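These notes concern the structure reproduced below.
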Amino acid sequence: MTASGQTGVTLGLERIVWFLAHVLPSDPRDKLRVVHVAGTNGKGSVCALVSEALTAAGYNVGTFNSPHFLEPYDAVRIQNTAIPATEYTHLQSWIRTLDSTQTDKLSIFEQTTVLALWWFAQSDVDVAVVEVGMGGLRDATNVFSSVRNGIGSLVQ
């Protein structure tokens, strides 16, 4: 609950775009090539397939899924290996400390998105495969200005 009595998350990209561009030491988006996966159903499966195909082709691939599977850190992976829990905790603490200096605070999902993008950029991944969360057009992952679009469907 906020001081004004409001509850919930305020959707919008302003907070996270500002944080990435002006609060972090450098903007991780500047170093990343991204496959951004959106849709109603099957996003996780598409992310897994794309990540595996890119890895098999010799690329160093970061993958960010939402929601996480068992633990929050398993949503952030490179070469299908989750970020070490200690590194996740360290980055989470660092991002929360930076965020504490801001008037308009990031949501937990925005913090996790920043964490994933920062780790991928610092790890020099060739490609980041990023799954859109539940916010649609206002989702925290929609922070990329240069993307390639593709449309597919999963058939049972």
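The values are calculated or read from the model by the stated rules, or taken from the named source; none is laboratory data. Bear in mind that the values here come from a model prediction, so they are computed numbers and not experimental data. Every residue, glycine as well, gets a Cβ built from its backbone with ideal geometry; the counts of neighbours run over all protein chains shown. These area figures cover heavy atoms from the full protein model, side chains too; ligands, DNA and RNA do not enter into them. Shrake-Rupley method; radii C 1.70, N 1.55, O 1.52, S 1.80 Å.
Please go through (1) assigned to a loop (DSSP other than H, G, I, E, B); (2) farther than 24 Å from F19 by Cα; (3) among the polar types (S, T, N, Q) for T55 and return the number of the only condition it doesn't satisfy. Every listed condition holds for T55 apart from (1). Applying the condition of being closer than 23 Å to Q111 by Cβ and among the hydroxyl-bearing types (S, T, Y) to segment 44-70 and asking which residue is surrounded by the fewest Cβ atoms within 10 Å (Cβ to Cβ) yields S66. None of T86, T63 is more than 22 Å from H22 (Cα to Cα) and in a helix (DSSP H, G or I) except T86. Restricting to segment 95-126, name every residue that is assigned to a loop (DSSP other than H, G, I, E, B), open to solvent by less than 30 Å² (accessible area, probe 1.4 Å) and not aliphatic (A, V, I, L, M). The one that is assigned to a loop (DSSP other than H, G, I, E, B), open to solvent by less than 30 Å² (accessible area, probe 1.4 Å) and not aliphatic (A, V, I, L, M): S107. Against the numbered list (1) open to solvent by 50 Å² or more (accessible area, probe 1.4 Å); (2) at pLDDT 95 or above; (3) touching a Pro at 6+ places or on another chain (Cβ under 8 Å), Y73 comes up short only at (2). Under the condition of being touching a Phe, Trp or Tyr at 6+ places or on another chain (Cβ under 9 Å) and open to solvent by 10 Å² or more (accessible area, probe 1.4 Å), the residues counted in segment 132-142 number 3. What pairs can you find where one residue is in segment 6-17 and over 18 Å from I95 (Cβ atoms) and among the basic types (K, R), the other is open to solvent by 100 Å² or more (accessible area, probe 1.4 Å) and modelled with pLDDT of 80 or more, and their Cβ atoms are less than 9 Å apart, with a gap of 6+ or different chains? Partner pairs satisfying both residue conditions: none exist. Screening Y59 with (1) more than 18 Å from V132 (Cβ to Cβ); (2) of a type outside the set (V, I, T); (3) free of Cβ contacts under 8 Å to residues at least 40 places away in the same chain gives one miss only, at (3). Any residue that is of a type outside the set (G, A, S), open to solvent by 60 Å² or more (accessible area, probe 1.4 Å), in contact with a helix residue (DSSP H, G or I) (Cβ under 6 Å, 6 or more places away or on another chain) and modelled with pLDDT of 90 or more - is there at least one of those in segment 16-36? Yes, there is a match, as at least one residue in segment 16-36 is of a type outside the set (G, A, S), open to solvent by 60 Å² or more (accessible area, probe 1.4 Å), in contact with a helix residue (DSSP H, G or I) (Cβ under 6 Å, 6 or more places away or on another chain) and modelled with pLDDT of 90 or more.
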